[in-house]
Structures are given as structure tokens and as C-alpha cells.
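Structure first, commentary second.
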Amino acid sequence: MSDLKVTQRKSLIGGNKAQRDSMRSLGLKRIGDSVVQPDRPEIRGMINAVAHLVEVDPAGAADQDQPTATATQPDNAEQETE
């Protein structure tokens, strides 16, 4: 089963109790908070209730976008000069 990365993008001010409860159950407390949740129907329902306040991405997407840096040495670096 895959995971979802949920990030709060907007404030809860003016939201109703169901929206506040859904955000708290997702683990989001303030703007900019991100959590990784399993992709389950219960989580999808909570996300749907606050879809206008959050941003949802697949959890592995952030890792795939970043290239991995590898340190390489030039081929002639190992040769000694006399």
C-alpha cells in the first residue's frame, strides 16, 4: 500500500468543527506542516473534507525528484607523478 504526503497550505480560521477535527486527526497543526499517512479510505475521506486547505502528493515523489549526488574522482587522481 502506498503513502500520501499531506501538507497544510491554508488556515483553519473560519472552518467548521468537522474540518478542524479532520485536520487534527491527520496530524496537521499549522500552515506548512507535513505528515505522511497511509493511502486508506478513512484518510482519503479526511483529506476530502479539507481538500481546499491541504496539498496531497505521493510520499515517494519528493524522494524521486531529488538527484542523488555521488562523489567521483577524476581518473588521473590516483596516478602518482615522479
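A count restricted to the range 13-40 and to residues that are farther than 11 Å from V54 by Cβ and in a helix (DSSP H, G or I) stands at 6. Listed by first and then second residue, the pairs linking a residue in the range 44-64 that is within 15 Å of R30 (Cα to Cα) to a residue that is buried (at least 18 other Cβ atoms within 10 Å of the Cβ) and modelled with pLDDT of 95 or more, with Cβ atoms under 6 Å apart and 6 or more places separating them unless they lie on different chains, are V50/S22; V50/M23; V54/V6; V54/Q8. Exactly one residue out of I47, I43 is part of a helix (DSSP H, G or I) and closer than 14 Å to S2 by Cα: that is I43.
Residues to consider are K10, K5; find the one that is under 16 Å from the mean Cα position of the chain (by Cα), at pLDDT 95 or above, assigned to a strand (DSSP E or B) and not hydrophobic (A, V, I, L, M, F, W, C). Testing whether each residue is under 16 Å from the mean Cα position of the chain (by Cα), at pLDDT 95 or above, assigned to a strand (DSSP E or B) and not hydrophobic (A, V, I, L, M, F, W, C) leaves just K5. Of all residues in the range 1-52, those being of a type in the set (V, I, T) and loosely packed, with under 12 Cβ neighbours inside 10 Å number 1.
The values are calculated or read from the model by the stated rules, or taken from the named source; none is laboratory data. Predicted, not measured: the structure shown is a model, and the values here were computed from it. Positions of Cβ are generated from backbone atoms using ideal geometry, with glycine treated the same way; all protein chains shown enter the neighbour counts.
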